[in-house]
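Below is one structure. I have some questions about it.
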Amino acid sequence: MIDTHENTALQDIVALEEAHTSGVYPKRPLAIIRGQGCTVWDADGQTYLDATSGQGVALLGHSHPAVAEAISQQAQTLITCPEIFYNDQRAALYEQLSSVLPDELDRYFLCNSGAEAIEGALKVARLLTNRTGIVATMRGFHGRTLGALSLTWSKTYREPFAPWQPEVNHIVFNNIEAASDAITENTAAVVVEVVQGEGGVYPADADYLQALRQLCTERGALLIIDEIQTGFGRTGRWFAFEHAGIVPDVIAMGKGIAGGVPMGAVAWRGELGTLAKGAHGSTFGGNPLASAAAVAAMGAMRDQNLPQRSAELGAWLLEELNSRDLPGVREIRGLGLMIGIDLRIRVTPVLQALQDHGVLALPAGKTVLRLLPPLIITQDELLRIVEAIQLALQEATA
Ligand SMILES: *Cc1c(COP(=O)(O)O)cnc(C)c1O
């Protein structure tokens with residue numbers, strides 16, 4: 001048995017997990033047991049700079065005091081309360097969400113993950129349009145539940161689960177002619193990321209998103225933007241669609257919305273209407289614990305001006321990376337603190353070398369090194385990450 005008060009050896013943790021893991025996760029030989037700000041600790045007391053934010057979640061860093069305090073307070077007040085009752089924390093969250101979103105996006109459905117937010121968005125689109133077709137994009141990622149998976153492009157993720165939800169059409173990303181051909185009088189919604197994350201960090205052009213917005217309006221289809229990875233300041237604005245000056249009909253949110261506590265949310269234009277009683281639901285959706293965490297998280301993001309910080313630091317980081325002699329690099333793409341370094345070599349050994357230099361980063365596909373650092377990160381910490389990347393690439397290409 002694990003004594004959680006001891007500095008448990010890595011092998012014990014690995015052995016226990018390996019005995020019971022589902023097997024679906026490619027795991028690194030590292031047990032993370034503590035996090036503070038941008039730093040995480042492994043079971044042996046080693047520290048790492050976390051450029052993963054725990055898969056894009058820890059926008060405020062790890063164990064943010066305002067979030068930890070809100071969770072702790074709420075845990076002693078009321079943890080669970082279904083949406084058949086009203087609740088003060090949920091009401092505060094609705095108010096907080098409406099203050100960071102455009103005025104039009106004023107109807108919300110709360111759930112517990114990104115994939116659930118996509119499922120909710122699909123239901124909203126089908127119910128509010130009375131249509132069934134969905135247009136999604138090649139290289140897009142929208143989650144692993146069967147509905148969301150049907151929109152996800154990756155063969156590895158999708159192929160074992162055929163047949164998928166019918167009437168999903170995948171089109172070339174960033175190509176408006178393809179969208180025009182695909183959107184018909186049966187299209188309920190077009191679902192798109194502003195920056196494709198898992199697919200390799202590919203930003204959409206602003207004029208593509210503007211044209212897509214117009215096409216959807218003309219043809220009566222809803223524009224659903226998946227902001228699960230890009231939302232809450234990641235790309236340098238509260239929401240990435242703001243870069244294109246458009247307002248979508250529906251957005252899906254998740255990842256960092258509640259400071260690391262599991263939560264997802266759907267927002268849509270109130271003028272489209274509300275849903276019929278019983279049309280959707282979730283036991284844990286909008287629970288007071290997650291709502292309190294989200295209110296605290298958004299408050300801290302606002303107080304620390306994180307969207308602007310992400311814009312400034314992201315621009316600086318992109319410039320710094322481009323100014324370096326980085327061997328094996330094909331292209332560097334990004335928006336705010338969401339950056340992809342497209343390599344001529346496989347990314348896995350580079351990630352391992354980076355870890356040896358005390359930095360944790362993510363892949364996006366087989367050849368893209370993805371950086372999703374907490375938005376509270378300092379320029380000094382980013383510089384350490386850049387230096388580790390340079391060393392790791394030199395080693396991996398030697
Ligand atoms: C992570 C992610 C999802 C899925 O979120 P889960 O919480 O893992 O279900 C969906 N879309 C995008 C763009 C994501 O980055």
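Could you please find all residues in the range 105-140 being within 12 Å of the ligand (Cβ to nearest atom), outside any helix (DSSP H, G or I) and among the charged types (D, E, K, R)?
Result: Arg139, single match.
Between a first residue in the range 235-255 that is closer than 18 Å to Ala300 by Cβ and a second residue that is assigned to a helix (DSSP H, G or I) and more than 11 Å from the ligand (Cβ to nearest atom), which pairs have beta carbons less than 7 Å apart while being 6 or more apart in sequence or on different chains?
Gly236/Pro307; Gly236/Ser310; Gly236/Ala311; Gly236/Gly314; Arg237/His243; Arg237/Pro307; Trp238/Val100; Trp238/Pro307
Being within 16 Å of the ligand (Cβ to nearest atom) and either open to solvent by 20 Å² or more (accessible area, probe 1.4 Å) or touching a Gly at 6+ places or on another chain (Cβ under 6 Å) (or both) is the filter here, so list the residues in the range 209-233 that pass it.
If the condition is that a residue be within 16 Å of the ligand (Cβ to nearest atom) and either open to solvent by 20 Å² or more (accessible area, probe 1.4 Å) or touching a Gly at 6+ places or on another chain (Cβ under 6 Å) (or both), then Ile228, Gln229, Phe232 are the ones that fit.
In the range 147-170, how many residues are surrounded by 14 or more Cβ atoms within 10 Å (Cβ to Cβ), over 15 Å from Gly200 (Cβ atoms) and away from the ligand (no atom under 11 Å from the Cβ)?
So the answer is 9.
Sticking with this one: Can you confirm whether the range 344-352 contains a residue that is under 21 Å from His243 (Cα atoms) and open to solvent by less than 40 Å² (accessible area, probe 1.4 Å)?
Here is the first cut: in the range 344-352, the residues under 21 Å from His243 (Cα atoms) are none.
No, that holds for no residue.
Among Thr397, Thr367, which is the only one that is over 22 Å from the mean Cα position of the chain (by Cα), open to solvent by 10 Å² or more (accessible area, probe 1.4 Å) and closer than 29 Å to Lys155 by Cα?
On the way: Thr367 fails: over 22 Å from the mean Cα position of the chain (by Cα).
Criteria check complete, one pass: Thr397.
In the range 74-95, is there at least one residue being open to solvent by less than 10 Å² (accessible area, probe 1.4 Å), away from the ligand (no atom under 16 Å from the Cβ) and either in the same structural domain as Ile385 (by TED's automatic domain parsing) or touching a Phe, Trp or Tyr at 6+ places or on another chain (Cβ under 7 Å) (or both)?
no
Let me ask another. Name the pairs: first residue in the range 123-135 and buried (at least 17 other Cβ atoms within 10 Å of the Cβ), second residue at pLDDT below 95 and of a type in the set (S, T, N, Q), Cβ to Cβ under 8 Å, at least 6 apart or on different chains?
Correct list of pairs: Ile134/Gln165.
Also, I was wondering about something else. Report whether or not Gly23 is on the phi > 0 side of the Ramachandran plot, outside any helix (DSSP H, G or I) and free of Cβ contacts under 8 Å to residues at least 40 places away in the same chain.
yes
Given the options Thr52, Thr8, name the one that is modelled with pLDDT under 95 and β-branched (Val, Ile, Thr).
Being modelled with pLDDT under 95 and β-branched (Val, Ile, Thr) holds for just one of Thr52, Thr8, which is Thr8.
Which members of the range 236-259 meet the condition of being within 12 Å of the ligand (Cβ to nearest atom) and either of a type outside the set (D, E, K, R) or surrounded by fewer than 21 Cβ atoms within 10 Å (Cβ to Cβ) (or both)?
At the first step, the residues of the range 236-259 found to be within 12 Å of the ligand (Cβ to nearest atom) are 240, 251-258.
Correct list: Ala240, Ile251, Ala252, Met253, Gly254, Gly256, Ile257, Ala258.
The values are calculated or read from the model by the stated rules, or taken from the named source; none is laboratory data. Given the structure is predicted, the values throughout are model-derived calculations rather than measurements. No Cβ is skipped: glycine too gets one built from the backbone with ideal geometry, and neighbour counts run over all protein chains shown. Surface areas here come from the heavy atoms of the whole protein model, side chains and all, with no ligands, DNA or RNA. Shrake-Rupley method; radii C 1.70, N 1.55, O 1.52, S 1.80 Å.
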